[in-house]
Each structure stands twice: as C-alpha cells, then as structure tokens.
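Down below is the structure, laid out as structure tokens.
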Amino acid sequence: MQTVSSRWRLALLLLAVFALAPVSTGLLAQETEATEEVSIPWMVDVAKAKAQAKAEKKDLLINFTGSDWCIWCKRLEGEVFKHTPFLDYAGKNFVLLYLDFPNAEEARAKVVDPELNQRLAMEYGVAGYPSIILATHEGNPYGRTGYQPGGPESYVEHLRGIRTMAEPIRNLIANTDASKEAELIEKAFPPLRAQELFGYAGYQKYLTAAKDIPALKDSVAGIEQNAQLTKRMQTPEEPDWAEFTQFLIDSKHLSGMDFLQAVFATVERHLVPEKKYDDALGLLQRAIADPGAQENERAMEFFKGKITEIEALRDGKTPGEGDHDHDHDDHDHDHDHDHR
C-alpha cells in the first residue's frame, strides 16, 4: 500500500506541474560517511512500545514505512536512522516504533498486526511514506515529519525543533485544570494546526472548545472547511463542478495543498470551459495568496501564468497576445531612440 487514500486523477496533475521532489540530486549525495552505522533498535509491537515508553518516561517515535518499496524510506534509514548521532539522541528521548506497510509476502508476514497498523495510519492522518509521528507514551501525537536531507545531525536538530514547537501541545495534553484549558488551547492551536493534528480523534474536543475562543474563530472555520474539502476530494468520482466551485468560492478560509489542487481542477474543468473568467481569477488570486503557493516558486509561477492567460481570455485576446504587442512597442521605442 503506497497511499492511504486516492484523489481525483485530474487534481493530482497539479503535483506533476509544480510539486518538487523532496530534495535535489546534490543534497541526496550528502552521505553520512563520517558517522558509524549501527543496528536500529526498533520495536514492532505497539502495546509493548507504549508500555516501555511509559516505564522509561519517554515519548514514541513512530516510523510509518514501506520497507521493500519506498525509496525515501530507505534513504531516511540509510542516511539517518543507522547512525550514532540519531540513535544517541533518540535513545534518550524516544522508544522507536516501526510500523511497516511492505508489498512482499515475506516482509508482510513479519508485521505483528497489519490491521492495527492500518488503523493507526488512518488515525494519524498518514497519507504517504515515510511518515514520522512524534507522540507521548500514550500515543497522543504532537509532531510529524518525514524524509529530511542533511544526515543524522541535521535530523536531530529538526526533531529538537519539532519538540520545542510542540511544548504547548504537551502542556495542553497534560493539563487537568479546566480553568486553564482555554488559555492552553489558544497557545497550542498554532502548532496543532501547523502539524496537521486536528484530524486526530483525541483532539476533536480541543477543536470544539476552540470555537468559543474569539481569537480562534477564523482558524477553526479554516480547519473545518479544509476537512470538508479533503472528504470531497477523497471520493473517486468527479464532482458536480458547479456545486463544487460554489463551495470553493463560499469557503473563504480554505488553504493548503488540497485547496491548491481544487482550484487547479475547477479552473481547468469548469470555469474556463464555461467562460466564467472572473470566478476563475478570484480563486487563482486566493491561490497565490496561500502560504503553500508562496513557499513554492514553481507553484507561484504556475498560478500567476494562469492568471495572465485567463485575463487575456476575458479581454478577448489570445493568451500571450499582449506580450507580443508590448514587445512590438518596445521595438518601436528602440527604433525611435536609434533614429534620434
């Protein structure tokens, strides 16, 4: 199994247009030759890992992996998990739990409880591999990551950063004073959202409580709208495009990759063919304002190009026609300058 859920094939074309590989070839060449390779003390039994973490007062580092097919899983293991700097840090702070989703029969036979692994993948919102979940000994997640370049030392700093950012989440989980809950939820809300953890069933109570906190009202609306969008996009059937487009227009707090995929799909499949150019431009403007697009140069270039193309169609021009006119004007200007 390579992904937990499928999405519209058309929407996934967006990933081919501007999604970047996890790291460039140059970075992949950064091997950790200077550090010693050692065996990895992974546990594979969930109940035993939780019991050990509780006894040793440690957290869980859960590795959702595809051991016999996932290239990035193998790179993460070879570049990070087999090396002393990672194991020294992890040994002091975590019990390592290995949840495998292999393809080969021999590897699948070694999985302790495939159904439990699948259920946990769904609970933690695992959509691809490798997925690394950091959680308390009870299994309450407070951070997620995956493959990162740079070797074991860099990965350790990355994990430290997640744990520091997640301190408000840990404080909220540990809280037993109802009078402090609203304050703690407000502090924990940004990292919970950044780590995409509100899909975890155990945190639904915090999301419900956040609706009564004025400062979080818009953020809660965004999370709920994104959840609705994800549910819509997980169905294999194409939507009623008119209804789906109206949902996107009305849901002002949508953000993230699902939103960008949805904008791409509805612009291409519905709005441009129906010549609803103003609606298309409105959604595309929201797309380029999305942090996910702003952090991705290729995504920003793609959406800005679409805006230019649709503005030309709206104005009755052939896309690119304005540029040619501009080039012609520049040429005339240069000619006049030379003549003078």
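Quick notes on this structure:
- The set of residues in region 115-150 that are small (Gly, Ala, Ser) and free of Cβ contacts under 8 Å to residues at least 60 places away in the same chain contains only 143.
- Considering residues of region 214-249 that are β-branched (Val, Ile, Thr) and out of contact with any Gly (no Cβ under 8 Å at 6 or more places or on another chain) only, the residue modelled with the lowest pLDDT: 235
- Boolean, residue 305 is farther than 25 Å from residue 127 by Cα and exposed (fewer than 13 other Cβ atoms within 10 Å of the Cβ): yes
- Taking region 159-178 as the range and being within 22 Å of the chain's Cα centre (by Cα) and either loosely packed, with under 15 Cβ neighbours inside 10 Å or among the charged types (D, E, K, R) (or both) as the test, the residues that pass are 160, 161, 163, 164, 167, 170.
- Subset of region 288-300 (residues that are surrounded by fewer than 13 Cβ atoms within 10 Å (Cβ to Cβ) and either touching a Ser or Thr at 6+ places or on another chain (Cβ under 6 Å) or of a type in the set (D, E, K, R) (or both)): 295, 297, 298
Residues checked against (1) more than 22 Å from residue 93 (Cβ to Cβ); (2) touching a strand residue (DSSP E or B) at 6+ places or on another chain (Cβ under 7 Å); (3) of a type in the set (Asp, Glu):
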residue	(1), (2), (3)
126	no, yes, no
141	no, yes, no
148	no, no, no
153	no, no, yes
158	no, yes, no
175	no, no, no
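- 3 or more residues in contact with a helix residue (DSSP H, G or I) (Cβ under 8 Å, 6 or more places away or on another chain) and among the polar types (S, T, N, Q): qualifying helices (runs of 4 or more DSSP H) within region 150-252: 217-233
- Residue check for residue 153: of a type in the set (Asp, Glu), at pLDDT 95 or above and surrounded by fewer than 20 Cβ atoms within 10 Å (Cβ to Cβ): yes
- Residue within region 75-95 that is in contact with a Leu (Cβ under 8 Å, 6 or more places away or on another chain), outside any helix (DSSP H, G or I) and at pLDDT 95 or above present: yes
- Only one of the numbered conditions (1) modelled with pLDDT of 95 or more; (2) assigned to a helix (DSSP H, G or I); (3) out of contact with any strand residue (DSSP E or B) (no Cβ under 8 Å at 6 or more places or on another chain) is not met by residue 17, and that is (1).
- Residue count, region 42-74 (criterion: assigned to a loop (DSSP other than H, G, I, E, B) and under 16 Å from residue 110 (Cα atoms)): 7
- Flag for residue 195 being buried (at least 19 other Cβ atoms within 10 Å of the Cβ) and either farther than 20 Å from residue 141 by Cβ or touching a His at 6+ places or on another chain (Cβ under 9 Å) (or both): no
- Every residue from region 115-144 that is crowded, with 20+ Cβ neighbours inside 10 Å, β-branched (Val, Ile, Thr) and modelled with pLDDT of 95 or more: 132, 133
The values are calculated or read from the model by the stated rules, or taken from the named source; none is laboratory data. No experiment lies behind these values; they were computed from the predicted model shown. Every residue, glycine as well, gets a Cβ built from its backbone with ideal geometry; the counts of neighbours run over all protein chains shown.
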